[in-house]
Amino acid sequence: MGGDVFAADCRARIAFEVLANRWDSVVVHVLGEQGPMRPRAMLARIGGISPKVLNEALRRLEYNGLVERHRYAEAPPRVDYTLTEAGTALLDPIRALGSWAATHADTVLAAQARFDGA
């Protein structure tokens, strides 16, 4: 990687920005598990996300080159999304963060509760 990885012009910040939005990571994870999906199927698979927030996440991911939108000339129109090579490459880091969360979530939640109760 070289240089100061936290410098203002550091490319590592791109990864931090991409993973900063919790829904973006969830959408990438779901597309990695399920393959190409329609937005309605993603809504059913992802609990707690609204159609508007899902649309925003998909647009961000498309903007960042992590998903591709496929439109089909059908009636009614059909659209699905799939991971790009860059999006697929994010699956291992996202899974590593999920593993970390499974191990340390109770510690984090306990610390937050102590802080909030102080």
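Some observations on this one:
- Value of relative contact order over the chain, rounded to a whole percent, pairs C-alpha under 8 Å and six or more apart: 23
- Gyration tensor verdict on region 74-118 (Cα atoms; rounded if a/c is under 1.5, prolate if a/b is larger than b/c, oblate otherwise): oblate
- When the helices of the chain are scored as -39500 (n - 2.57) per DSSP H run of n ≥ 4 and the total is divided over every residue, the value at 222 nm lands at -19500 deg cm²/dmol.
- In terms of other Cβ atoms within 10 Å, Met37, Met42 run from fewest to most in the order Met37, Met42.
- Most fluctuating residue given options Val18, Val30, Val108, as computed from a GNM of the chain linking Cα atoms under 10 Å: Val108
- Gaussian network model of the chain, Cα within-10 Å springs - most flexible of Asp106, Asp24, Asp80: Asp106
- The chain: C-alpha gyration tensor shape, a/c 1.5 cut-off, then a/b vs b/c: oblate
- On Cα atoms only, tilt of 91-117 relative to the major axis of the chain in degrees: 50
Quick note: the coordinates plus some simple rules give every number you see, no bench work behind them. What you see is a predicted model; the values in this text were computed from it and never measured. A quick note on method: Cβ atoms are made from the backbone with ideal geometry, for glycine too, and the neighbour counts reach across all protein chains shown.
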